[in-house]
Amino acid sequence: MNDTDSPHASSEKTPLEILHGIDPNDIVRYFKNEHPQVIALIISVLQDKEHALDILHALPKDKQVEISQRIAEMSSVSYDVISAIDHVVAHIVQENQNNRNVGGVNTLVELFLSSDRSLDSPLLAKIEDQDPELAEQIRERL
């Protein structure tokens, strides 16, 4: 079977192809409530493997292992399943793109990266005192 035999051989982008233009951290946020097998399938079918890897790395550490194992154990999937996943992806992406992202860990990291670095350390230490998990998320992205 060649690419022209697939149900999405037209020039219109499928929802899975639309994910290529979305920040990996946003994708993780969009799909945080999905079953790990669904996330594994989404990552597996992405054509841009670098982007797929970025999504995998953006997942929480405990999910990275589980989803990596599921990807490794996956073999083949019918077009019907991929079509169903396309439908889920389209719904979730549309739902999330109707909202404007403000704030968040990535915004704070961008602020830190564009600021006087001498201010970051004391502020991050105070954040760590109040919320060690949040501080760790920030450090991972710095």
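The values are calculated or read from the model by the stated rules, or taken from the named source; none is laboratory data. Every value quoted in this text rests on a predicted model; they were computed, and no experiment measured them. SASA here: full protein model, heavy atoms, side chains in, ligands and nucleic acids out. Shrake-Rupley method; radii C 1.70, N 1.55, O 1.52, S 1.80 Å.
Taking only pairs that are 8 or more places apart or on different chains, how many Lys pairs in the chain have Cα atoms under 26 angstrom apart?
8
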Kirkwood Rh and Cα Rg combined as Rg/Rh, the chain: 1.05
Cα gyration tensor, the range 7-69 - rounded (a/c under 1.5), prolate or oblate: prolate
Whole-percent carbon and sulfur share, accessible surface of the chain, 1.4 Å: 50 percent
GNM top mover of 40, 52, 72 - the chain, alpha-carbon springs below 10 Å: 72
Length-normalised contact order of the range 38-142 in % [C-alpha pairs under 8 Å, at least 6 apart]: 20 percent
